[in-house]
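Have a look at the structure below, then the notes.
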Amino acid sequence: MFGIHKIGLGELILILAIALVVFGPSKLPEIGKSMGQAIKEFRSSVNKDSSAEGQNKGE
């Protein structure tokens, strides 16, 4: 299927250039920050679920 490892440097630069045109230079840091926070929240919720599942199996 598709994977980020199949995206080359040229394609990545093109995607970033399109994002710059669409969102503008002032919005990109805000978008990056919100994406980072979303990933952090997702990982913490997955870790909580995994630890809760492990505790239930141990009982």
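The values are calculated or read from the model by the stated rules, or taken from the named source; none is laboratory data. Note that the structure is predicted; figures quoted are calculated from it, not measured. Note that each Cβ is placed from the backbone with ideal geometry, even for glycine, and that neighbours are counted across all protein chains shown.
Would you pick out the residues in the range 15-41 that are basic (Lys, Arg) and not in a helix (DSSP H, G or I)? Passing the criteria: only LYS27.
What about LYS6, is it exposed (fewer than 10 other Cβ atoms within 10 Å of the Cβ), modelled with pLDDT under 90 and of a type in the set (D, E, K, R)?
Working: exposed (fewer than 10 other Cβ atoms within 10 Å of the Cβ): yes; modelled with pLDDT under 90: yes; of a type in the set (D, E, K, R): yes.
Answer is yes for this residue.
Could you please let me know if GLY36 is modelled with pLDDT of 90 or more and small (Gly, Ala, Ser)?
Details: modelled with pLDDT of 90 or more: yes; small (Gly, Ala, Ser): yes.
Yes, satisfied.
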